[in-house]
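Notes for the one structure printed next.
The values are calculated or read from the model by the stated rules, or taken from the named source; none is laboratory data. The model shown is predicted, which means the values in this text are computed figures rather than measured ones. All Cβ positions, glycine included, derive from the backbone under ideal geometry; neighbour counts span all protein chains shown. When the accessible area is computed, the model is the full protein with side chains, heavy atoms only, and any ligands, DNA or RNA have been set aside. Shrake-Rupley method; radii C 1.70, N 1.55, O 1.52, S 1.80 Å.
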Amino acid sequence: IGHLEAGAGIAGLLRAMLAIHRRTIPPLVHLQTPNPALPLDEFPAVKLPTSPVAWEGRRVAGVSSASP
């Protein structure tokens, strides 16, 4: 059948579009423990959502779709 890189890119784009439309940041459902090498305490504006979060103010989203 082939690889699903394009499908994953489209899924990411749809997820971003739905988040903007619904004004809700979806949770990271598979996050169990953040990488301890990331100094998240040094960046108070960075939050890892574990439940849906209302998206207030201007909404801008990005989608990463690097291909090998």
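Summary table
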quantity: Amide H contacts of Val53 (H built 1.01 Å from N, under 5 Å, at least 5 apart or other chain); calculated: Ile25
quantity: Computed label-point distance, nm, for sites Val46 and Glu5 using a 7 Å Cα→Cβ extension; calculated: 2.6
quantity: Surface share of carbon and sulfur [accessible, 1.4 angstrom probe, percent] for the chain; calculated: 61
quantity: Degrees between helix 5-22 axis and first principal axis of the chain (Cα, 0 to 90, nearest 10); calculated: 50
quantity: Mean accessible surface per residue for the chain, computed with a 1.4 Å probe while every protein chain stays in place, in Å²; calculated: 91
quantity: Burial ranking of peptide ranges 16-28, 35-47 (average Cβ count within 10 Å, highest at the top); calculated: 16-28, 35-47
quantity: Computed Kirkwood radius, in angstrom, where 1/r is averaged over Cα pairs of the chain; calculated: 14.2
